[in-house]
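The values are calculated or read from the model by the stated rules, or taken from the named source; none is laboratory data. Since the model is a prediction, treat every value here as computed from it, not as a measurement. All Cβ positions, glycine included, derive from the backbone under ideal geometry; neighbour counts span all protein chains shown. For the accessible areas, the whole protein counts, side chains as well, though only heavy atoms, and no ligand, DNA or RNA atoms are used. Shrake-Rupley method; radii C 1.70, N 1.55, O 1.52, S 1.80 Å.
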Amino acid sequence: MTDQLLENFFKGDTRALSRMITLVENRSADSLALLQQLFPRTGNSQVIGITGSPGSGKSTLVDRLATAYRKQGHTLAVVAVDPTSPFTGGAILGDRIRMQTPGTDPGVYIRSMATRGHLGGLATATADVVTVLDAAGKNPIIVETVGVGQDEIEIVKLADVSIVLLVPGMGDDVQALKAGIMEIGDIFVINKCDRPGVDKMERAVLAMLSLAHRPDGWEPPVVKTVATDARGIDELMSTIQRYDSFFQNSAARLQKKKEAVKQRLITLLEEQLVKTAVQQVFPNGELNEIVEQIANRQQDPYSVVDQVIRKLRFK
């Protein structure tokens, strides 16, 4: 089945691509072997990360960006990381509902993913899904994350360029002064610029950016847009291109890639080691008993973890 799936995938079959992503996202038994086959074909796509507070217009902006890239002849993908449904554990799909313009275009592949409670806004499997899309030749790949504010730092590790959306009149002038999300932006977009308070917002962002010094020499620009009318989209695309050209073959970009690879490797190791530990130390479901004991204060979790490490180390 895996060979046939790969064959169809490399032929450009959309159903095979969707099936592959489902296997990877669900961490199926075949997913590791599939990713091993795909990895040598990756590294050619630009990954654009878009994040910002709820209501900042991320989905509308992505919609307009996707349309603009299609006009240039790009075949692209959009990964919309949605909040998890409390009932099914799946993506609520709100982002896809708001991105209806490119939804019927075969040159735009849209995939909604659930955060599954992952605090960083990015689903654990998002990096692997980007790997699949990269191997499928989608370029660029736009990753839109859950708008949870300062927890969005994870997007930096995945994206080649990180875009932070802000909106005037939503308390963002104060929010901008909080360090977390300001540190991750390569480009800042003030969306909904037909609202009052745009200049105040821009001054707050520029003042904050003037205090920060980036070792790579890039000075993050501020782009003003009205996504609903596609105003400012061309300027945003040219700014993304300028950022890409600025770091072309630079030592800073190489270092960022190395850090991303290191973080990805550690994440994969954590995932596999935890899975291995649970399977080897609690092969018959003893984990539930221990959880109950800890809940009843009969054991402490620290001693349990210490015992697990000892058993694995001397096995």
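A few remarks follow.
- Two-site FRET efficiency, Phe246 against Phe39, from Cβ-Cβ distance with R₀ of 22 Å, rounded to 0.05: 0.20
- Under the shape rule built on the C-alpha gyration tensor, where the axes satisfy a ≥ b ≥ c, segment 197-315 is prolate, since a/c reaches at least 1.5 and a/b is greater than b/c.
- Normalised per residue, the accessible area of segment 175-305 is 64 Å², obtained with a 1.4 Å probe and no contribution from ligands, DNA or RNA.
- Remark on Gln46: its backbone amide H falls under 5 Å from those of Ile141, a criterion applied only to residues 5 or more positions apart or on other chains, H modelled at 1.01 Å from N.
- Sites matching chymotrypsin sites (Phe, Trp or Tyr not before Pro) across segment 238-315 that sit in DSSP coil, with at most 14 neighbouring C-beta atoms within 10 Å: Phe314
- For segment 197-246: rounded, prolate or oblate by the Cα gyration tensor [a/c cutoff 1.5]: oblate
- For Gly137, the amide hydrogen comes within under 5 Å of no other amide hydrogen, counting only partners 5 or more places away or on other chains and with H modelled in the peptide plane.
- Prolate is the label for segment 1-54, because the ratio a/c of its alpha-carbon gyration tensor axes (a ≥ b ≥ c) is 1.5 or higher and a/b is greater than b/c.
- Net lengthening on full extension, Ser18/Glu183 (0.36 nm per residue, minus Cα-Cα): 56.0 nm
- Distance between segment 1-55 and segment 248-307 - C-alpha centres, whole angstrom: 24
- Amide proton proximity set for Met113, modelled H, under 5 Å, gap of 5+: Ala80, Val81, Asp82
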